[in-house]
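Q: So that we are looking at the same thing, I have put the structure below in structure tokens.
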Amino acid sequence: SPVASLGIHESVDDVFPPGELATYLADLPIEIEVVSDDEIASCDAVVTLEYRDAFLELDWIHSIQAGVDRFPFDELEANEVILTNSTGIHDRTVGETVAGYLLMFARRLHDHVANQQERRWERPEWDEAFTLPGTTACVVGTGTLGRGVAETLGALGVRVTGVRRSGDPVPGFDEIYANDRLFEAIEAAEFVIVTVPLTDETHHLFDAEAFDAMRDDAYFVNVARGPVVDEPALIDALEASSLAGAALDVFEEEPLPEDSPLWELDEVIVSPHCAAYTRDYFRDVGDIVRENVDRLETGEEFHNRVV
Ligand code: NDP
């Protein structure tokens, strides 16, 4: 195998302790070590959260995230560095997180938590709480995240529509729209959930016009990437009550700046980019890495190759 040593970059520590992955992969027939920025040159390949220019000297980079928008594709290609990502593992985690957001809004659980902080015994207005069956969720992006969301919400009785480029049917979705019918899809939904990768094509896909197309009583959920949304336009729509609320896991600037109005809006749930967190994360990533080390041995094409 051309890869004799695999470094686990210390940046993965944001998601799990690097040593847990090193131990999980210890039986592989290559050297595995946790590496800091100074030690990158000692490896042939790296498993990482963040990008470093020093990676351009390596043969292979594995991203522990599905989103690889932070990596410079052209430079990697010019330097013949292979990039693989971790798509395929976030269906259940993100699906359950999104189901949680919807249940919080429908059953008013976020109000109860806020009231409890103030020792306040206060019930919702008679017409605030509702149940999910009979509502429609439009999931924009029908890959791993989208399918996980569809499966979880489908089990709760939600009718789930999807938007993707091709418009071809996807199991678990009641209806699929091609992305040139995005507005038609979102104007018919009580919940709009964004699960697309950040690309030139999806940058600010949700802008003032898109929020305008949505129903006034609709909730917006972003578990994709912050820049898919024009955040000031979203804040305007929320403040003007032309949307009912939003659950946001990702933001144009992370951490979300302390002075962002999103922290304080009543019908907004903020989570710190952790929709996919699970104590099993290092195992899920480790299984992809193991599969690719096996394929290196047999000369097969990489699984989840991006560049
Ligand atoms: P996939 O590659 O499995 O799915 C992406 C989907 O988006 C595909 O179904 C694709 O369908 C669709 N798509 C791509 N471009 C467009 C477009 N312009 N309009 C409509 N649909 C489009 O990726 P994942 O589901 O694994 O991850 C998606 C993104 O979610 C990641 O790139 C990452 O940014 C984010 N993410 C966030 C997490 C979090 O913690 N909040 C965790 C994991 C991922 P088609 O090809 O038919 O267009």
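Q: Can you tell me which residue is surrounded by the fewest Cβ atoms within 10 Å (Cβ to Cβ) among those in the stretch 86-116 that are part of a loop (DSSP other than H, G, I, E, B) and of a type outside the set (D, E, K, R)?
A: Gly88
Q: Right, next: Go through (1) buried (at least 21 other Cβ atoms within 10 Å of the Cβ); (2) hydrophobic (A, V, I, L, M, F, W, C); (3) out of contact with any Gly (no Cβ under 7 Å at 6 or more places or on another chain) and name the single condition Val160 misses.
A: (3)
Yes or no, residue by residue, for (1) more than 21 Å from the chain's Cα centre (by Cα); (2) modelled with pLDDT of 95 or more; (3) of a type outside the set (A, V, I, L, M, F, W, C):
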position	(1), (2), (3)
His204	no, yes, yes
Met214	yes, yes, no
Gly226	no, yes, yes
Glu231	no, yes, yes
Ile235	no, yes, no
Pro272	no, yes, yes
Ala275	no, yes, no
Glu291	yes, yes, yes
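Q: Answer with yes or no whether Val196 is touching a residue at least 40 places away in the same chain (Cβ under 8 Å), among the aliphatic types (A, V, I, L, M) and near the ligand (Cβ under 9 Å from one of its atoms).
A: Yes; evaluated as a whole, the condition is true for this residue.
Q: Which pairs turn up if I take residues in the stretch 161-190 that are more than 17 Å from Leu205 (Cα to Cα) and look for partners that are among the hydroxyl-bearing types (Ser, Thr, Tyr) and near the ligand (Cβ under 10 Å from one of its atoms) with beta carbon separation below 6 Å, at least 6 apart in sequence or on another chain?
A: Taking only residues 6 or more apart or on different chains, the pairs are Val170/Thr142.
Q: Taking the conditions exactly as written (surrounded by fewer than 16 Cβ atoms within 10 Å (Cβ to Cβ) and in a helix (DSSP H, G or I)), does Arg279 satisfy them or not? So that I can check it myself, show each step before the final result.
A: Values: surrounded by fewer than 16 Cβ atoms within 10 Å (Cβ to Cβ): yes; in a helix (DSSP H, G or I): no.
Considered against the rule, which asks whether it is surrounded by fewer than 16 Cβ atoms within 10 Å (Cβ to Cβ) and in a helix (DSSP H, G or I), Arg279 comes out as no.
Q: Going residue by residue through the stretch 176-189, is there one that turns out to be part of a helix (DSSP H, G or I), polar (S, T, N, Q) and near the ligand (Cβ under 8 Å from one of its atoms)?
A: yes
The values are calculated or read from the model by the stated rules, or taken from the named source; none is laboratory data. These numbers were taken from a predicted model, which means no experiment stands behind them. Cβ atoms come from the backbone with ideal geometry, glycine included; neighbour counts cover every protein chain shown.
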